[in-house]
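As structure tokens, the structure follows; a few thoughts come after it.
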């Protein structure tokens, strides 16, 4: 380090105009378009997310978890089919990988969204971001887009990996339906992208990583399971309105393999969209009103 | 150019910033001085749109920070540490900020060079020393080559070399015509760099003046004399100066008299002529540091709490006046002090002793 370095580099403006000393009128004018500003904010969020190791740990863990899950399910199914060849027609790739998404992958996505949306609220790290992008709506929009991108990539990649591993293990006994596999891969991607946005909204509202992950666990798994344990059919059915079961119905195309809801079809996607929109609205309002 | 107008920020019942009004002009280093908890950081955060004011305005070049079209070109700020994620490298941190504002990648390398962090740019911020983190924060502030720079306690955690570097940097930035606004709780640091001072205490403006003016007003020598008969000596000294100088006598809180305009020789001679016994007689150099402490002492919120210790003259004064503001307004306090001393019994009122400034302040608080 050379502490005697002076500011000579500062005399040059980044644009090379040399008008470095003025703070007068004209300087700084030329507001970039809203779209370009959003693009820049997205670039910032991408750089921040991609430059953290934890991001890649989350992605890696999701992939590893799905690989292990698929291998385990594959071996189990292979055993079943060996014991009873008629069971081969009952093997559903979609059901098996969607369970892997439901039990494992979605929590990696929640963790990732929680980390990216709350990480800066510890130790006032949000200051530097908000100085660069003072419009908080823009920051949240950019963050949501990056989270959605990661969510889609993780959802689609893990599902594709799950199908691949299953095919390796039981492909000879139960062939893959290519069209169904592609559909499942895309639906998982969309589902995980929506969850990523949902928990970006939650994280922005609560500003706590642990709190966001806890809420994620409750909404996606804990609460619906408890509701389904209850003897009341009404309560049981209501659990389908939670994002976890509704999401699973959506990305498994109704072939979840366990009871989730009395309804199939687009209503489940609408349910997840509703939760996502609500979380984003609450997050945006909190972000806008509360001091950074 | 920064402008703060009637700026107020309340957190529940506490008022962190109280109707603050001041300007920060280009081409100078303006110091923002006040004790810890005086509202400096809050004011800066309000100025930068990070917190919302309860009332009043804080403007950068005539606009709110959040309304600036290209904020990075107008203001750069170093805020209290921890602004960079510990898991990110210094370069990635700056690169993210550069991308947010459309600045080229080479600008990141430039500012890394300016602050002397080029060699460690790839290392994660979590392993940085406090001084290195301060440098990184300064690099972020310089990134957009802004016309206005705001530094919140920039020398915190820096070694001597670092402190001198920051001083030089601020000087250079101001000499280039930029607006430089730097906060500190250290008068000695401000003396080194500031052309102008904005002094706050308890969220309020204490004074705003050029440094030279404050040095003129604050640093002067006084003669302290301790005597069992302060009233008699004070009457003798008052109004008479050797060379036509005006002599001011102030009744000290410890029972001593503080005399301005007369040296120890004159005071000693006067005491001799009056037949007054003298227990101590010495010259006291009032430093800027001391003047600053006196100005802001009454405003310190988190002073060590008193335990029913004897209450000094100030507490009694505030009680008499029934006005808590007296403790913030030194000018008014001095006036009243004079008034009190005109009262024949008043002369001994200050002899009850005093354990510490904070205790007096607490006494005032209890009385309110």
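Some points to look at:
- Contact order, relative form, for the stretch B:2-210: 33 percent (alpha carbon pairs under 8 Å, 6 or more residues apart, mean separation divided by residue count).
- Legend: calculated FRET efficiency, residue A:79 to residue A:183, from the Cβ-Cβ distance at R0 = 22 Å, rounded to 0.05, equals 0.20.
- Within the stretch B:2-210, percent of DSSP bridges classed antiparallel, to nearest 5: 55 percent
- The mean sequence distance of close C-alpha pairs (under 8 Å, at least 6 residues apart), as a share of the length of chain A, puts its relative contact order at 21 percent.
- Dividing the alpha-carbon radius of gyration of the stretch A:89-159 by the rule-of-thumb value 2.2 N^0.38 Å gives 1.49.
- The angle separating the long axis of helix A:136-170 from the principal Cα axis of greatest extent in chain A is about 30 degrees.
- Helix axis angle, A:106-118 relative to chain A longest principal axis, alpha carbon, degrees: 10 degrees
- Percent breakdown of C-alpha pair distances by 10 Å bin, ordered from the shortest bin, for the stretch B:16-92: 15, 45, 31, 9, 0
- Between helix A:34-50 and chain A: long-axis angle, C-alpha atoms, 0 to 90°, nearest 10: 70 degrees
- Between the stretch A:152-214 and the stretch B:61-94, the C-alpha centres lie 36 angstrom from each other.
- Pairwise centroid distance, computed over Cα atoms, of the stretch A:82-106 with the stretch B:124-183, Å: 59 Å
- Cα-based convex hull volume of the stretch B:1-138 per residue, rounded to whole Å³: 133 Å³
- Shielding score for A:41-53, defined as the mean number of other chain Cβ atoms within 10 Å: 5
- Average silhouette area of the stretch A:35-217, convex hull of alpha-carbon atoms, in square nanometres: 10.9 nm²
- Per-residue Cβ neighbour rank within 10 angstrom, fewest leading, B:279, B:85: B:279, B:85
- Inter-chain shielding of B:84-97 (mean C-beta neighbours from other protein chains, 10 Å cut-off): 5
- Residues A:239, B:129, sorted so that the one with the fewest Cβ neighbours within 10 Å comes first: B:129, A:239
- For the segment A:130-142, counting C-beta atoms of other chains within 10 Å of every residue's C-beta and taking the mean gives 5.
- When Rg and the Kirkwood radius Rh are both evaluated on Cα atoms of the stretch B:225-279, their ratio Rg/Rh stands at 0.92.
- Sorting B:102-108, B:134-140 by average packing, meaning the other beta carbons within 10 Å per residue, from highest down gives B:134-140, B:102-108.
- Per-residue packing, averaged as other Cβ atoms within 10 Å, sorts the ranges A:218-226, A:243-251 into the order A:243-251, A:218-226, beginning with the highest.
- Residues B:281, B:95 arranged by fewest to most Cβ contacts within 10 Å: B:281, B:95
Every read-out reported here was derived from the displayed coordinates using simple, explicitly stated rules and does not represent laboratory data. These numbers were taken from a predicted model, which means no experiment stands behind them. Every residue, glycine as well, gets a Cβ built from its backbone with ideal geometry; the counts of neighbours run over all protein chains shown.
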